[in-house]
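Following: one structure in structure tokens, then a few remarks.
Nothing in this text is a laboratory measurement; each read-out follows from the coordinates by a stated rule. These figures come from a predicted structure and were not determined experimentally. Don't worry about glycine lacking a Cβ; one is built from the backbone with ideal geometry, like all the others, and counts go over all protein chains shown.
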Amino acid sequence: MQRTPSTYASTKKAFTISPLTHLERILKNPLIMPKMYFGPGIVANEKREFWHGELWQDSLLFGENKIRITNEEFYKAGEFLIFREQSSTFMCRVRSVVNDEMDNNTLKLKVDMLLKHEKLPNCRPNDNRHTRGNNMELWLVEGEAKLVNPTNVVQHIVVWLCDMPEPDEYDFYIKEIVYSFDSRWKYRDIASRHRLPYENITIMQSQQNLPILKVFLDIYVDDFGTYRNVYHSLGGVYLQIGNMPSTLRKQLKNHFLIGFVPFGANFNDFIKPIVQDIKSLENGRVMQTLYGDAWVIGGIGCVTADLPQGNDLAAVKRHGANHGCRTCNVSNDQYTDPNYNYIKNARFQQQTNERIAEIESQHLRMDQDRLATKYGLIKPGPLNDLKWNQHLQTPQDAYHSMAGKARTLLEVTFNIFNTNGENDFLEYWKRIEKPSHWSRMPNPLRHRQSFMFSDVLRLAMLMPFILQRFLESRHIKTDALNNWHKNSGIRRNLVASKLCACWAIEAKALKLAFSTTMTENTYQELQETLKKEREILIQIFPDTFTNLPNLHVNMHLLQHARNFATLVNTAVGVKEMVHRIFKTMVPHMNCKEIELDLTRRYNTIQALRHLIDGWTDPRFNTRPNALPKLIADPNIYTILTAWYATENFNTINSQEFEDKQDDDNITICCHNSNFIDISLNSRWSAKKVNDRGLSKKLDYKHPFFQDISVSYREHFNSKEAILNRKLEFYNSISYTVLKDGQDPIRLKIHIGDIVELPEESEGIAYAKATNIMDSVLECPFYNIQKPEESRWFQIFPITFIDRNPCVFFIHNCGNTCNTEHDEENRSYILNRYYYNAV
């Protein structure tokens, strides 16, 4: 026990739900199991899921490490081969076997290239690399993996990696790695490398010829801290299964509770039984699934936590230490040094193990502390016994690091405003367009300290446009202007545009970091934008951002994205929502055995969830008769299936609307049976209709009548006369869209929302583009179609809109816009920085 008074008991009960228990239920759940992926890593153009990432592709615990050539011959990870491509031969090392989605899902070898001295990049003619080794030395190329068809392999070769024991016979040897850093090719010793999983991991095969399922465990750790007027230290440990697609993983009901660390207890003591369960899974075990028995293997795919807690799990000192980065060995006075080679000086697992052994071999505590400070290491915990790489699989959380930077930038930006700047900012903040589904945010100047990260991220999407509308040098404090001119050489008349450019880069970096899909171009753009972000933040606010740990994380985000396909996959935004649900319960508990009460609540609701999904409790032969009746009740079914938050609303029974229906809110039906539960809300008064230049009665001479006639003719193939001339207008419409193989999508469209429409010649269209780009904001301008323009339809059936709006436009205000927008100005800016923050 720790952090407890002397009168506190020395031991305390802890309550956990084994990951194996969760896994047994999930593998037999008829709504989850069919949607899970078990197989080799997939090479795809658009990367979204864990199995698109390099970690899954390379690991034996999740992906595939061998491919059969004949009945007795395999190509395996770790082997060295010669292959032929376009009449030339090349040498390579096999990393793994992957599924190439871009080539008809063909199984291929993922390989690292090997170079001879004459092919070395950035190597001068007089370099001794050309003459040493008697033509037996090769160089391993890092970061340029290729896919090789097994049919192109010519033969095996034997190559000695010089950081491994020397074999009796070999054809070649490798002493150095070739890698790219800051767009230049460099060389480093072979010992400074992340060893591939096959070098440290062996897996046991089933003795019963059962199908093999490999499971990716994603563990999240967080503490309960100060909450409102209550403080109760209670750590939460949660589990996700990375084999689920992202559409399932983002649902709160698919975040599974392992347990709560009791007040005063040590995390290492609490996690030991969980580690034992994971170790048994690493060795493989027979488990029942929806499709029968299977040999299930798995392990830790990633562990996510806040910056300090993540360092603890990786056995690295906190970020305030001299060497407090868990990914590289940077010192804290070089966090934002652009010349620091974080690739060469990365933390490598074998190196860390050697250093920990060196520390533990010291007899004096003083010597142990000295070495621990020198290396930035702490005593490893129980997780160190698992088959994983703590430096690669505890990625820094993009949600905290990116949102933390944005919050810091927000603070320093508001601090440089004078009184006029604050007043004008508030005025333009109130007037700027905001997405209709956003909740109302308080005054950012007065209440920003209470902003959650999601509020900060939303404000960051708008900041470039707000500053672009009003900011001038007269809004900034004189001291700040003088300091910029003196220290950075920024003239007074350029300060406003520089600050706008800074926020535009920040908003772009946030948008890229939280992209739900990534391509090779996205990776490249992310790296370039993060570099620009670091440069401009240090140029404008050097005192604040120089050697800021969150800014140092920029250097590692690209590798995290490649390892796990996207940064969203390891971000804790949604996971914190789960943690917050339990956190809000704490003030209402009796404070005796909070962890037991919370675990009981969770276990009960998860059991109901699995039963409703169709899972059968193995302790009983049949399902209870009362359960079908319970599920048949639409209100209870909605409660039990929608207790979690999700991006889309769940289907709501039409009876609910009938109960609430009034004169201003009605329900209707659609000609398409896939569009249901349609509700029209907030009917317009006759005065409002007249003020908009419309009429509640169709006049065949009015352009509106012509548009409706065209819509009926083109979209419904209806050429009959429109007999019903009575019209009603509403502020919003909500409806549910049913799609095969997908969860129901609940949409709510308000007046003024921008929606995407399929357009035959242009694909997805929003409006008529003017092909003009703002030089600072880097966002394109669009013009809204005028009423008299007839090239495009103006009236569409609701079936054209089958997904929630994901674009956002901001009015391009000019001198004619005051408290209201000038309706004659039809120019709008596409906000390229808009995304779903959580």
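Summary of computed values
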| item | result |
| --- | --- |
| Theoretical ellipticity at 222 nm over the chain - DSSP helices of four or more residues, -39500 (n - 2.57) apiece, nearest 500 | -9500 deg cm²/dmol |
| Simple spin-label estimate for Lys739 and Lys146 in nanometres, 7 Å along Cα-Cβ | 3.8 |
| Under DSSP loop assignment and at most 11 Cβ neighbours within 10 Å, longest GluC sites (Glu not before Pro)-free interval of the chain | 170-719 |
| Distance violations [Cα-Cα > 30 Å] among Lys175/Lys387; Lys405/Lys583; Lys13/Lys405; Lys146/Lys214; Lys108/Lys508; Lys13/Lys35 | Lys13/Lys405; Lys108/Lys508; Lys13/Lys35 |
| Check: the stretch 15-135 dipole with +1 on Lys, Arg Cβ and -1 on Asp, Glu Cβ, in debye | 260 |
| Three-way shape label, the stretch 398-570, alpha-carbon gyration tensor, a/c 1.5 | oblate |
| Cα centre as origin, Lys/Arg/Asp/Glu Cβ charges: the stretch 62-199 dipole, Debye | 380 |
| Sorted by Cβ neighbour density within 10 Å, fewest at the top, the residues Met91, Met366 | Met366, Met91 |
| Extension gain (nm, one decimal) between Asp127 and Asn45, 0.36 nm per residue minus Cα-Cα | 25.6 nm |
| Residue order, fewest to most surrounding Cβ atoms within 10 angstrom, among Lys214, Lys344 | Lys344, Lys214 |
| Cα-projected label distance for His485 with Arg440, points at 7 Å along beta-carbon direction, nm | 4.3 |
| Order of Ser280, Ser450 under a 10 Å beta carbon neighbour criterion, fewest first | Ser450, Ser280 |
| Overall form of the stretch 1-143 per C-alpha gyration tensor (a/c, 1.5; a/b vs b/c) | oblate |
| For the stretch 97-104, 3J(HN,Hα) per residue [Karplus equation, 6.51 cos²θ - 1.76 cosθ + 1.60, θ = phi - 60°, Hz, x = Gly/Pro] | 10, 10, 9, 8, 5, 7, 9, 6 |
| Additional length obtainable on full extension of the chain from Lys116 to Gln205, 0.36 nm per residue less Cα span | 28.3 nm |
| Options Trp388, Ile749, Phe417, ranked by Cα towards positive dipole end of the chain, top entry (Cβ charges) | Phe417 |
| Relative contact order of the chain, pairs being alpha-carbon contacts under 8 Å that are 6 or more residues apart, as % | 11 |
| Degrees between helix 520-540 axis and first principal axis of the chain (Cα, 0 to 90, nearest 10) | 90 |
| Given charges at beta-carbon only (K, R positive; D, E negative), |dipole| of the chain in Debye | 1360 |
| Cα→Cβ-extended label distance, 7 Å offset, between Leu426 and Phe796, nm | 4.0 |
| Förster radius 56 Å - calculated FRET efficiency between Gln539 and His156, Cβ distance, rounded to 0.05 | 0.55 |
| For the chain, with +1 on Lys and Arg beta carbons and -1 on Asp and Glu, the positive-most of Phe260, Gln240, Val586 along the dipole | Val586 |
